[in-house]
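S.K.: To start, I am sharing the structure in question, which I have written as structure tokens.
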There are 2 protein chains.
Amino acid sequence: MQKNKPDLQKNKSEKYNKILNSAGAVFAEYGFYKATISQIAAQAGVADGTLYLYFKNKDDILYQFINFKTHVVFNKMHAAVEKGVNAEDKLRHLIRCHLEEFQNDKNMAIIFQSEVRYLRDIESQIKDISKMYLDLLSDIIEQGQIEGSIRQDLFVGLVKRFILGAVEGVIRTWVSADGRYDLVSMADPLVDLYLRGVKG
Amino acid sequence: MQKNKPDLQKNKSEKYNKILNSAGAVFAEYGFYKATISQIAAQAGVADGTLYLYFKNKDDILYQFINFKTHVVFNKMHAAVEKGVNAEDKLRHLIRCHLEEFQNDKNMAIIFQSEVRYLRDIESQIKDISKMYLDLLSDIIEQGQIEGSIRQDLFVGLVKRFILGAVEGVIRTWVSADGRYDLVSMADPLVDLYLRGVKG
DNA sequence: TCGAAAAATGAATATTAATTCATGAATAAC
DNA sequence: GTTATTCATGAATTAATATTCATTTTTCGA
């Protein structure tokens, strides 16, 4: 009755990954709605129909793309935070990792920035990432407040958004400059700004 | 030969504005691509064909919407900055104004956040806003550095993105919480964070 | 080497929605 | 009050493209 998607392979299949990457490139270039199945198929070097052996539909391709990338990135961020001992250290590692991952995968960076809306599933997926990230930050900030390296009069909910917003802003600028400069080198100055502020 | 769009009225016409506002609501709810001409027309209480008397096409509606809002908001921001005398004051006024305007027009806030890409025209429009805003910030920061209220060792290009990113982050969070709390009240704590940083 | 099962193909189909335009209503000019 | 001009309508047209599926190709075990 239902289609036989090549099942076991999901993870291994060359073709599945080929399609996913091609989709990433095409979505990043044209945006989800203007990208066509035929473009993705052509980019992956397969027939249009083949995409439907591996994915339910166009939405599903984006969904799986984001899902996959999210997991990879989040694991790395988690590991990065673990490497730090005190709050300041952890924050520094997190920001560096964040910038590094996005710099190394511009398609992902563009898609995360742009395709946040519309597909309900994807919207909530992205909210989840955001939430995970903000939770990481919460922990760091609270630890910092205990250690005394972060002011105790601050509202964690605001601080974490302040930090995330600034990183995203820096990434957005980098994307719109077509990734022509080194993003990772902004990590330290950025962290310095969080910590010390701009006051003379 | 060519259509007669109701010309003189462009600015005055009830209908033009009605359509523009309806479009704002529909775009904000469904996103540009999922929104249909029929929905917008229905919302505005006119026939589908009527939209084409006032706008070239669907893209044009979004273009005009953003264009209009941009001008309004930018003028207000400009005026807000003028009200301050020193850099810190100006920054405070700017951020307050920014949050106020977006709080008062959630549709606009959503659209500015989401429809940044795809339509070439609109992309560059949004870049222009961003640029104007960043230029406002540049001036403030430079003034602050001269006055001594802002550290002189900071790279203006980074500071301004840091500030814009954080405001946008705060707005994004507010939008995704469905505008259920008061956004403007975040202005002062936010400015305090810029200035003093989080360090304990 | 053969043949059954799995995988891939791409032309045909179906759907959706932007845009047009022949027609009709409202408005204004005289 | 009549006519000309502007404005509005919404059904019909058109175009685009996601998805299906009958057919072909490949794989692989016996």
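S.K.: For the stretch A:117-200, state which chymotrypsin sites (Phe, Trp or Tyr not before Pro) are in a DSSP loop and have at most 13 other beta carbons lying within 10 Å of their beta carbon.
M.R.: Here the sparse-neighbourhood loop sites are A:Phe155, A:Tyr181.
S.K.: Give, in whole angstrom and from largest to smallest, the semi-axes √(5λ) of the equivalent ellipsoid of the stretch A:7-55, with λ running over the eigenvalues of the Cα gyration tensor.
M.R.: For the stretch A:7-55, the semi-axes come out at 19, 11, 8 Å.
S.K.: List the distances, in nm and shortest first, from the label point of A:Asn17 to the matching label points in every other copy, placing each point 7 Å from Cα along the Cα-to-Cβ direction.
M.R.: 5.9
S.K.: Which value at 222 nm does the protein assembly as shown reach when only helices count, each DSSP H run of 4 or more adding -39,500 (n - 2.57), with the total divided by all residues and rounded to the nearest 500 deg cm²/dmol?
M.R.: About -24000 deg cm²/dmol.
S.K.: Sticking with this structure for a sec: On a full-extension model of 0.36 nm per residue, what is the gain between A:Tyr30 and A:His78, subtracting their alpha-carbon distance, rounded to one decimal in nm?
M.R.: Contour length minus the Cα-Cα distance gives 14.1 nm.
S.K.: Measuring from a point 7 Å out along Cα→Cβ, what nm distances, shortest first, does A:Pro189 have to its partners in the other copies?
M.R.: With the label placed 7 Å along Cα→Cβ, A:Pro189 yields 2.9 nm.
S.K.: Given an 8 Å cut-off on Cα distances and at least 6 residues of separation, report the relative contact order of the stretch A:7-55 as a percent.
M.R.: Dividing the mean separation by the residue count of the stretch A:7-55 yields 34 percent.
S.K.: Check B:Ile150: other-chain or 5+ apart residues with amide H under 5 Å from its amide H, H built from backbone geometry?
M.R.: A:Gly200, B:Gln145
S.K.: Putting +1 on Lys and Arg Cβ atoms and -1 on Asp and Glu Cβ atoms, find which of B:Tyr16, B:Ser176, B:Pro189 reaches farthest to the positive end of the dipole of chain B.
M.R.: My answer, from the dipole projection, is B:Tyr16.
S.K.: Right, something else. Using Cα pairs closer than 8 Å and at least 6 residues apart in sequence, work out the relative contact order for the stretch B:28-127, in percent. Don't skip to the answer; put the middle values down first.
M.R.: Working: 59 pairs, mean separation 28.2, N = 100.
Reported as a whole number, the value is 28 percent.
S.K.: Shifting gears a bit: Output, in nm with one decimal and in ascending order, the distances from the B:Ser38 label point to the matching label points of the other copies (7 Å from Cα along Cα-to-Cβ).
M.R.: Ordered by distance, the counterparts are at 2.6 nm.
S.K.: If I take every Cα pair under 8 Å that is 6 or more residues apart in the stretch B:66-200, average their sequence separation and divide by the length, what percent do I get for the relative contact order? Present the calculation step by step, with values, prior to reporting the outcome.
M.R.: On the way: 100 pairs, mean separation 42.3, N = 135.
This gives 31 percent for the stretch B:66-200.
S.K.: Is any helix in chain A, taking whole DSSP H runs, at least 27 angstrom long along its axis by alpha carbon and on average at least -0.5 on the Kyte-Doolittle scale, and which ones?
M.R.: Flagged H segments are A:58-83, A:120-147, A:156-176.
S.K.: Could you list, in their original order, any pairs among A:Lys18/A:Lys69; B:Lys131/B:Lys199; A:Lys34/A:Lys58; A:Lys83/B:Lys160 whose Cα atoms are separated by more than 19 Å?
M.R.: Among A:Lys18/A:Lys69; B:Lys131/B:Lys199; A:Lys34/A:Lys58; A:Lys83/B:Lys160, the Cα-Cα distance tops 19 Å for B:Lys131/B:Lys199; A:Lys83/B:Lys160.
S.K.: Something else now. Once you put a point 7 Å from the Cα of B:His71 and another 7 Å from the Cα of B:Glu147, both along the Cβ direction, what distance in nm separates them?
M.R.: Placing both labels 7 Å along Cα→Cβ, they lie 3.2 nm apart.
S.K.: Using the alpha-carbon centroid of each, what span in Å lies between the stretch B:141-186 and the stretch A:77-137?
M.R.: Taking the Cα centre of the stretch A:77-137 as reference, the centre of the stretch B:141-186 is 20 Å away.
S.K.: Using the basic label-point model (7 angstrom from Cα toward the beta carbon), what is the A:Asp128 to A:Asp59 distance in nanometres?
M.R.: Taking the simple label geometry, A:Asp128 and A:Asp59 are separated by 1.6 nm.
S.K.: Axis carrying B onto A: which residue of B has the nearest Cβ, and how far, whole Å?
M.R.: B:Gly197, 2
S.K.: Mind putting a number on the dipole of chain B about its Cα centre? Charges go on the C-beta only, +1 for Lys and Arg and -1 for Asp and Glu, and I need it in Debye to the nearest 20.
M.R.: 460 debye
S.K.: Quick one: putting +1 on the C-beta of Lys and Arg, -1 on the C-beta of Asp and Glu, what dipole do you get for the protein assembly as shown around its Cα centre, in Debye to the nearest 20? Write down the numbers at each step before the final one.
M.R.: Details: 54 positive and 52 negative charges, 195 e Å.
Dipole magnitude for the protein assembly as shown comes out near 940 debye.
A short reminder: the numbers here are calculations on the coordinates, not readings from a lab. Not measured: the values here are computed from a predicted model. All Cβ positions, glycine included, derive from the backbone under ideal geometry; neighbour counts span all protein chains shown.
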